[in-house]
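Notes for the one structure printed next.
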Amino acid sequence: MKKREKQINERLTQMPRQYRKTYQRAAAGSASPRMAIKAFCQECVGWQREEIKNCTGTACPLFLYRPYQSSSSKRTESSREALCASTGDKLSEKAL
Ligand code: SF4
């Protein structure tokens, strides 16, 4: 068994069964970027959905893309502008 395959299988045995399908698809490259982010966030917080929603890792590059955000905390024009201002970037609407 190849090293990566072995690592993936090992990881699968360590996560709750209901999260395995998303992880497997992401690891296989057949998931959408959104699903891959979801799989990463799920693992990051120990598979606690509420913890993703209430994530405090605001510096994480996935923060604005994480799933389970309430509509009030989703990316808004003001958060986009604040991010651009803080980074000095001229990020396009499409990039965010
Ligand atoms: S956004 Fe939050 S939950 Fe998702 S990977 Fe980053 S720190 Fe973890």
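Here, each number is a calculation from the coordinates, and none is a lab measurement. Here the structure is a predicted model, which means the values were calculated and not measured. Cβ: placed from backbone, ideal geometry, glycine included. Neighbour counts: every protein chain shown.
Modelled label-to-label distance, Q14 and C44, 7 Å Cα→beta-carbon offset: nm?
1.7
Using a Förster distance of 22 Å, how high is the FRET efficiency between Q69 and S32, based on the Cβ-Cβ distance and rounded to 0.05?
Here the calculated transfer efficiency is 0.80.
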